[in-house]
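Notes follow once the structure below has been shown.
The values are calculated or read from the model by the stated rules, or taken from the named source; none is laboratory data. What you are looking at is a predicted structure, and each value in this text was computed from that prediction instead of being measured. Here the Cβ positions follow ideal geometry from the backbone for every residue, glycine too, while neighbour counts run over all protein chains shown. SASA here: full protein model, heavy atoms, side chains in, ligands and nucleic acids out. Shrake-Rupley method; radii C 1.70, N 1.55, O 1.52, S 1.80 Å.
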Amino acid sequence: MVNMLVTPFAREVKRLRSERGLSIRDLAAALGKSVAYLGKIEAQGEIPGPEFTCEIARSLGASPTDLLRLAKESRLSKLERDVSREYAHAFLQADAEQAKSSEMNEEKGAHRMATVVSLINMKGGVGKTTLAMQLAHTASSMNLRTLTIDLDPQSNLSQALMGPKKYVDHIKASKPTVVQIFDGYIPTSPSNGSPHLLDVNKVVVKKTGYWTNSTLDLIPSRLELSRTLKNPQGKERRLAKALAQIQNAYDLVIIDCAPTESILTEAAYFASRYVVVPIKPEFMATIGLPLLARSLQEFCLENDDHEIEIAGLVFVHSSNYSAGPEGQQSIKDVTKVAAENDWHICANQVRYSASYAKSAREQTPLSRTSYARDEVVRGFRRLASEVFELVGVAPVKP
Ligand SMILES: Nc1ncnc2c1ncn2[C@@H]1O[C@H](COP(=O)(O)OP(=O)(O)O)[C@@H](O)[C@H]1O
Ligand SMILES: [Mg+2]
């Protein structure tokens, strides 16, 4: 094995010294240095500076130039070794860190595309819009980048999130709504000249949430959306296509659907991975369920390349009488239908509270609505966490 400490310079000094028949002690005495120091030079990689190198050369009757050259080369290669060793460790550490962070980015990237969830029940007044709004507020409070889409011509979600005044101004100014997604173009208005192809980003109303540092955007609706129903051919995939263009800007997309089955329901199916079914526990609560089951089954048969499933059923007590015997009977009926269809029923329910209507009026999340009771707020948060877990979205650490 080569002793890295014995440099070409050391070897030459030793060779010259031996050639002259000098011991280390002799040379040390001639140079006025200790034996130990000479030992370091010959055996431990010590390389003296240029002046002392010249002195050694002179003591040994050798060429200072040759010895200086050897000393310089030895010093440079020692330096190179030392530097390489020092950096090798840092390189290793940096590589490991980079590998770890790209692994994490890949993991994040895998979840970058938003999960799209539709709130559907073929019945009106069951709490779809209320649930959509509160889930969206809760998601954005958990730092999930959230987009809501109002797919109901009645536009309740748009008004609840934007506020009536801003919403009316939006409509009066003929600003784009979800209608444009189905039409595929932005119509002529005094300000934009001729009709032009749709840029989906223009349809998104930004920052309709409560918390300034979070994302809660909205694609609003308007009454004219019902026109789409009259001429539906070939429009069922337009929402999914439009969404695909902006989906990576969000973690969660919540679609609030209209109660009747139409092209809009099919459009929601095409755009969604999950369906959540809000149910009001009252007489005949189960009526819309077979309808929904059949509609979804038909859709899946016709579109076996699209994955969609019912994540769960949520009881929303939107009337205070639903906690009574009629409500309890209704919950039993629904539970039976759910078991037959293998649907999950959420363990948490949305209890009755006047704060829900107030929250929509005040455009505040339930947790920020004046006089909202703590147990109501906490109860909803538990339900929201259950729903987010069912659809596989997790809160994001800031
Ligand atoms: N948990 C609740 N407690 C009290 N009122 C509620 C609750 N959920 C919904 N509501 C009220 O019930 C009505 C219907 O709710 P909404 O969300 O508009 O239903 P949908 O969108 O299914 O038609 C609204 O007036 C709403 O304020
Ligand atoms: Mg509604």
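So for the chain, taking the charge dipole from beta-carbon charges (+1 Lys/Arg, -1 Asp/Glu), which of THR364, HIS344, VAL377 sits furthest toward the positive end?
THR364
From the square roots a ≥ b ≥ c of the eigenvalues of the alpha-carbon gyration tensor of region 302-367, which class results: rounded (a/c under 1.5), prolate (a/b over b/c), or oblate?
Since a/c reaches 1.5 but b/c is at least a/b, the shape of region 302-367 is classed as oblate.
What's the angle, to the nearest 10 degrees (0 to 90), between helix 128-141's Cα axis and the longest principal axis of the chain?
The angle comes out near 20 degrees.
Sort 211-218, 129-136, 80-87 for me by packing, meaning the mean count of neighbouring Cβ atoms within 10 Å per residue, highest on top.
Ranked from most to least packed, the peptides come out as 129-136, 211-218, 80-87.
How long is the chain along each principal axis, judged by its Cα atoms, biggest number first, in Å?
Result, largest extent first: 116, 57, 47 Å.
Only helical DSSP H runs with n ≥ 4 go in: add -39500 (n - 2.57) per run for the chain, normalise by residue count and round the 222 nm mean residue ellipticity to 500 deg cm²/dmol.
So the calculated ellipticity at 222 nm is -16500 deg cm²/dmol.
Evaluate the charge dipole of the chain about its Cα centre and quote only its size in Debye, nearest 20, assuming +1 on the Cβ of each Lys and Arg and -1 on the Cβ of each Asp and Glu.
1260
Roughly speaking, to the nearest percent, how much of the chain's 1.4 Å accessible area is carbon and sulfur?
Accessible surface attributable to carbon and sulfur in the chain totals 53 percent.
Of LEU92, GLN159, THR7, which is farthest towards the positive pole of the chain's charge dipole, taken about the Cα centre with +1 and -1 on the beta-carbons of Lys, Arg and Asp, Glu respectively?
Sorting the options by dipole projection puts first THR7.
Give me the tail of P(r) for region 135-292 as a percent: Cα-Cα pairs with distance above 19 Å.
Result: 56 percent of Cα pairs exceed 19 Å.
Counting heavy atoms of the protein chains only and a 1.4 Å probe, report the per residue accessible area for the chain as a whole number of Å².
In whole numbers, the chain has 53 Å² accessible per residue.
Is there a quick way to get the dipole size of region 8-84? I mean about its Cα centre, with the Cβ of Lys and Arg at +1 and of Asp and Glu at -1; what is the value in debye to the nearest 20?
In debye, rounded to 20, region 8-84 gives about 140.
At 0.36 nm per residue, and after removing the present C-alpha to C-alpha distance, how many nm does the segment from GLU86 to GLU261 gain when stretched out fully?
56.0 nm
In angstroms, what radius of gyration and Dmax does region 8-84 have, counting Cα atoms only?
11.9, 38
Once both axes come from the Cα atoms, what is the angle between helix 288-302 and the longest principal axis of the chain, in degrees from 0 to 90, rounded to 10?
50
Can you compute the FRET efficiency between ARG382 and TRP211 using 1/(1 + (r/R0)^6), with r the Cβ-Cβ distance and R0 = 30 Å? Round to the nearest 0.05.
Calculated transfer efficiency: 0.90.
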